[in-house]
Amino acid sequence: RPALPLRCRGAAPEKAPSRRPGLAKMSAAEPGRFFCTAGRGLEPFLAREVRARLGATEVDCVSGKVFFRAAAGPGELRKLRSAERLFLLLKKQSPLPVSGNKGKMLHEIKSLVVEEPKYWLDIISVWRKLYGHKGKEDNVSQENPWAPKRKSEEETNIASKRQKMEQVRAVVSEECQGEAGDRCVVPERMSDQECQIESKNSEHTSKGSGENPTANEQLSFSFRVSCRCSGAIAKILTSQEIGRAIGIALMKQCGWRADLRNPDLEIFVHLNDFHSVVGIPLFRLPLANREYIKTAGLRSTVAWAMASLAEISAGALVLDPMCGLGTILLEAAKEWPDACYWGADISDSQLESADGNIRTAGLMDKIELLKASVKALPLPSESFDTVISDIPFGKKFKITTDAQLLPDILREMERVLRVGGTIVLLLSQDLCKRMDGLTKCAGSDSPEATADGNSEAAPAKAPSVDGNSSSWASGFGESFLSSRRFGSLVPDGVFGVSLGKTDAFIHKYRKISAAGNW
Amino acid sequence: KLGHPSELPPEPAPNYEGDEEFLRRVHHVLLEVEVLEGALQCPDSGRRFPITKGVPNMLLSEDEA
């Protein structure tokens, strides 16, 4: 079982061990191994992003995670837009062997996580120096020095109150987004007995100097284990059992105390049929929570992914004709600020919130809002380079897009788009299926494929006569809008993504000619 | 027309490109003034589209559409 002491993380073994304080660099020129969790379907976007943004190497995509190596500081890492959470990778190994013997398995798991205290001290001190102490507040700048003495006294008071058997669990719900098959687990609960150990430890105050605070920190150091397991392992052991076992072992080994709400350190353990992974989150909040967005609508990671498909270049005009809270426009304008963004919506309340979002993000001069209907856009034909939209659907929204409205919506989108421009849409599975009725399958030429209102798809209009269907299958699914119905729109990719509770599809189209010329 | 009637002439003067003062005022009106309450008017039909809290309402009524 390969242990991964810190000194091996560098590119060459001769490299000086990172734990020596003098050599740790604030600008982190030193490569580190990381992984991110990602909503299902966003892994390819994230893989592309870490390569492009961070020059990452050794990029490895699995379901729900992307592993990579990069020489990047916290400021750059924080800019990742298609990731849920970011972790320092401590261990990645082959999956744990599953036996019927719970005790044996727990022993295996513990030996995965529990090391000599020195191992953890090394990791923590490097992690702190490189990435800053997370602190109890989330907007504390990375550069603030940690003051052990002051904090530990506070912590002692707060922590001992908390340790009085609170029933409240901190639920890490963001991690559950879109991770199929995984059981989302709340951090382990400690028993009464364990709590007594904790309060004993936390009575020690530290007189730590800045020089070598680690020994003193250890005494009042708090942690939490977040454990997720799925697959064969989950049939024998629950995440809670595993988390608890690891927690107890770490406490015994390192003398830390558990703090579910506000730990100094969170240890993330993920066990499934493909690998066993141990990591430390670098930031308290998921990257998917944007500090520049006041009212969240569509998941920001999905919005960013859609914008990344649209090929926004400098000086481009970008339209979201059903912008809602403006999430797509905000993500796009932040990432590609050299373009002009327009948003339209028919709802006053949505526009008001969108306006609030735009002001909070400081993007007033980049995003223009209109109250207008997507079915009758007050915009000149062929005036936009790209149209990006999340077409409302599902019970969550008050206005559910009827399949009947789709042709009208698409017609206007196509009209305002210039030739060569792109359309990127987010559609529900339902809408995709219903749109099937608008199109014909490849190879069939009969014009009556689309009924008039009576078919299950209920489209209102008959298709145009010219017919090369160009339904296009990508690895994720089929294109449902062939160029038959909208002669000038050519499908250019379909990407299935998870929106947490539901699944959806990102469809990309390109306008190859003006509608009349097809 | 935008509440600055005294500052802008109704039409650009013949050599407006060279008129710094004029250009500065036009720039200000076009790029620095945000209309919070007011209206847009279609030059052809005269139809007014009210602006509320900075957002123009361009919805057409049933008959207009």
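The values are calculated or read from the model by the stated rules, or taken from the named source; none is laboratory data. Source: prediction; values computed, not measured. Cβ atoms come from the backbone with ideal geometry, glycine included; neighbour counts cover every protein chain shown. To get the accessible areas, we keep the full protein, side chains included, count just its heavy atoms, and leave off ligands, DNA and RNA. Shrake-Rupley method; radii C 1.70, N 1.55, O 1.52, S 1.80 Å.
The table for this structure:
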{"item": "Count of region A:476-505 residues which are surrounded by fewer than 20 Cβ atoms within 10 Å (Cβ to Cβ), at pLDDT 70 or above and under 23 Å from A:Thr301 (Cα atoms)", "result": "7"}
{"item": "Selection from region A:364-377 of residues that are closer than 19 Å to B:Thr52 by Cα and hydrophobic (A, V, I, L, M, F, W, C)", "result": "A:Met364, A:Ile367, A:Leu369, A:Leu370, A:Ala372, A:Leu377"}
{"item": "Residues being of a type outside the set (Asp, Glu) and more than 13 Å from A:Ala305 (Cβ to Cβ) - total across region A:495-508", "result": "3"}
{"item": "Residues (within 14 Å of chain B (Cβ to nearest Cβ) and either over 24 Å from the mean Cα position of the chain (by Cα) or among the β-branched types (Val, Ile, Thr) (or both)) located in region A:320-330", "result": "A:Pro321"}
{"item": "Enumeration of residues in region A:364-383 that are touching a residue at least 40 places away in the same chain (Cβ under 8 Å) and out of contact with any strand residue (DSSP E or B) (no Cβ under 8 Å at 6 or more places or on another chain)", "result": "none"}
{"item": "Residues satisfying the stated conditions in region A:331-358, i.e. of a type outside the set (A, V, I, L, M, F, W, C), at the interface with another protein chain (Cβ under 10 Å from one of its Cβ atoms) and under 16 Å from A:Phe384 (Cα atoms)", "result": "A:Gly343"}
{"item": "Residue within region A:322-336 that is surrounded by fewer than 19 Cβ atoms within 10 Å (Cβ to Cβ) and at pLDDT 95 or above present", "result": "yes"}
{"item": "Residue satisfying condition, being closer than 17 Å to A:Leu285 by Cα and at pLDDT below 85, within set A:Glu115, A:Glu137", "result": "A:Glu137"}
{"item": "Residues that are open to solvent by 40 Å² or more (accessible area, probe 1.4 Å) and among the hydrophobic types (A, V, I, L, M, F, W, C), drawn from region A:63-87", "result": "A:Ala71"}
{"item": "Condition check for A:Leu369: modelled with pLDDT of 95 or more and either touching a helix residue (DSSP H, G or I) at 6+ places or on another chain (Cβ under 8 Å) or within 14 Å of chain B (Cβ to nearest Cβ) (or both)", "result": "yes"}
{"item": "Checking A:Trp342 against (1) under 20 Å from A:Ser82 (Cβ atoms); (2) touching a Phe, Trp or Tyr at 6+ places or on another chain (Cβ under 8 Å); (3) crowded, with 22+ Cβ neighbours inside 10 Å, the condition it does not meet", "result": "(1)"}
{"item": "Checklist (1) open to solvent by less than 10 Å² (accessible area, probe 1.4 Å); (2) modelled with pLDDT under 90; (3) under 17 Å from A:Ile124 (Cα atoms) applied to A:Ile233, failing item", "result": "(3)"}
{"item": "Qualifying residue in region A:61-72 (condition: at positive phi and not in a helix (DSSP H, G or I))", "result": "yes"}
{"item": "Per-region count, region A:242-269, residues within 27 Å of the chain's Cα centre (by Cα) and open to solvent by 20 Å² or more (accessible area, probe 1.4 Å)", "result": "4"}
{"item": "Every pair of residues 6+ apart whose Cβ atoms lie under 6 Å, when the first sits in region A:121-136 and is surrounded by fewer than 20 Cβ atoms within 10 Å (Cβ to Cβ) while the second is at pLDDT below 80 and part of a helix (DSSP H, G or I)", "result": "A:Leu121/A:Thr214; A:Asp122/A:Leu6"}
{"item": "Output for region B:21-61, where each listed residue is over 14 Å from the mean Cα position of the chain (by Cα), modelled with pLDDT under 85, surrounded by fewer than 10 Cβ atoms within 10 Å (Cβ to Cβ) and away from chain A (no Cβ under 11 Å)", "result": "B:Glu21"}
{"item": "Where A:Asp390 falls short, out of the listed (1) open to solvent by 10 Å² or more (accessible area, probe 1.4 Å); (2) within 12 Å of B:Val55 (Cβ to Cβ)", "result": "(2)"}
{"item": "Inter-residue pairs, beta-carbon under 7 Å, first open to solvent by 10 Å² or more (accessible area, probe 1.4 Å) and in region A:303-315, second in a helix (DSSP H, G or I), 6+ apart", "result": "A:Trp304/A:Glu331; A:Trp304/A:Glu335; A:Ser308/A:Phe45; A:Ile312/A:Ala332"}
